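Working notes for the structure below.
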Amino acid sequence: MSGQSMGPSKLFIISIIIFIELLAPTLESKQETAINDTTMQNKYNSHATIDERDCIPISEEKGSSCHQVVLYQPVFPVLQQDERQFDIVGKKWIIRQQWDQIGLSAVIWEAAIALTEYLETQGPSLLTGRSVMELGAGTGLVGMVASSLGAQRVEITDKNIASARSNLKLNSENIQRNSVSVLELEWGVTDLCSFQAPYDVILAADVIYIEDTFPALLDTLWELSSNETLILLSCKRRYDRDDRFFELAEKTQQFKYEIIMRWTKSDNVTIYRLVKNFVDTK
Ligand SMILES: C[S@@+](CC[C@H](N)C(=O)[O-])C[C@H]1O[C@@H](n2cnc3c(N)ncnc32)[C@H](O)[C@@H]1O
């Protein structure tokens, strides 16, 4: 996905993928009867009523098994707002959202808001003078807030950096001059040699949702950190399978983790602290 506009069919397919991977979370029940895509689209397009009970069942093929997810429409109006405003660390932040043009990297997810609130409660002591990397940054709000809390250097990264770039320009007055850069980094694809690792702090919000990417994300965390790096992951837990990330983190990559905050404003948003558990056997 790039900053350029895309046709309605491509957008529709991307929307379905996002429904399945990200918006299914609110799911409370599974339904037995599948309905076809046309029904789903008709219902989605007619989002005149915003009602918790108004849900869209869709079927998702996974290998040979087909399972159902249920999505609630109220999530969408927030994502479709062109602009959102936040008061964080005594500053006003304006985030331009571009759901229709770019997709999920160009909207603010709850986990990012939770992480900025956590950083704010910690005050400048956590970040002052530190080097910070944000992974899967989307709009870049978390990284920008880290800069305003005194981080010496912040690298805001994502595989799609269009939204972070434009939001950095919009909020440039809030951040420390020349302390923030926006860089393309796709886990498992981008060569990490050019990054100035290890970082003191690595931040990431809502990046644990596609199981296939878990190993590459863990490898990236491993490459960019030292035993002293503080890794904060703010997660919206949508599926039981999301737990696999933490199982993998412990088993294959030798990270230790603990829950440091459960966000009270929304279900299933939790902030984890990871620490690399590397023992040099040489
Ligand atoms: C749900 S969004 C979260 C965005 C932002 N952190 C937030 O919480 O508002 C997930 C982000 O992870 C990024 N992402 C997904 N897979 C990625 C990968 N393999 N490498 C880098 N970024 C990835 C997406 O582009 C997207 O910006």
- Message: Any residue that is in contact with a helix residue (DSSP H, G or I) (Cβ under 7 Å, 6 or more places away or on another chain), assigned to a strand (DSSP E or B) and buried (at least 19 other Cβ atoms within 10 Å of the Cβ) - is there at least one of those in the range 159-177?
- Response: no
- Residue selected from the range 241-273 under the condition over 15 Å from ASP206 (Cβ atoms) and in contact with a Pro (Cβ under 8 Å, 6 or more places away or on another chain), by the criterion modelled with the highest pLDDT: LEU248
- Could you look through the range 195-225, keep only residues that are of a type in the set (Ser, Thr, Tyr) and modelled with pLDDT of 95 or more, and pick out the one that is nearest to the ligand (Cβ to nearest atom)? THR220
- Within the range 174-194, restricting attention to residues that are polar (S, T, N, Q) and more than 18 Å from LEU127 (Cα to Cα), which residue is farthest from the ligand (Cβ to nearest atom)? SER194
- Inspect the range 204-215 for any residue being closer than 22 Å to SER105 by Cα, part of a helix (DSSP H, G or I) and acidic (Asp, Glu) and give the result as yes or no. yes
- Filter the range 107-124 for residues that are modelled with pLDDT of 95 or more, small (Gly, Ala, Ser) and more than 8 Å from the ligand (Cβ to nearest atom) and give the result. ALA114
- Message: Checking the condition of a type outside the set (S, T, N, Q) and farther than 26 Å from ILE231 by Cβ, which residue from ILE102, ILE113, ILE88, ILE95 passes?
- Response: ILE102
- Item | Filtered residues of the range 233-268 (kept if closer than 18 Å to LEU217 by Cβ, in contact (Cβ under 8 Å) with a residue 60 or more places away in the chain and in a strand (DSSP E or B)) | SER234, CYS235, LYS236
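Residues are listed down the side, and each one gets a yes or a no for (1) within 16 Å of the ligand (Cβ to nearest atom); (2) of a type outside the set (Gly, Ala, Ser):
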site: VAL132; (1), (2): yes, yes
site: LEU135; (1), (2): yes, yes
site: ALA151; (1), (2): no, no
site: ILE156; (1), (2): yes, yes
site: SER166; (1), (2): yes, no
site: SER172; (1), (2): no, no
- Any idea which residue in the range 87-106 is nearest to the ligand (Cβ to nearest atom), counting only those that are surrounded by fewer than 24 Cβ atoms within 10 Å (Cβ to Cβ) and assigned to a helix (DSSP H, G or I)? SER105
- Message: Looking at (1) within 15 Å of the chain's Cα centre (by Cα); (2) surrounded by fewer than 18 Cβ atoms within 10 Å (Cβ to Cβ); (3) of a type in the set (D, E, K, R); (4) at pLDDT below 95, which one does ARG238 not meet, given that it meets all the others?
- Response: (2)
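The values are calculated or read from the model by the stated rules, or taken from the named source; none is laboratory data. What you are looking at is a predicted structure, and each value in this text was computed from that prediction instead of being measured. So basically every Cβ, Gly included, is an ideal-geometry build from the backbone, and we count neighbours across all protein chains shown.
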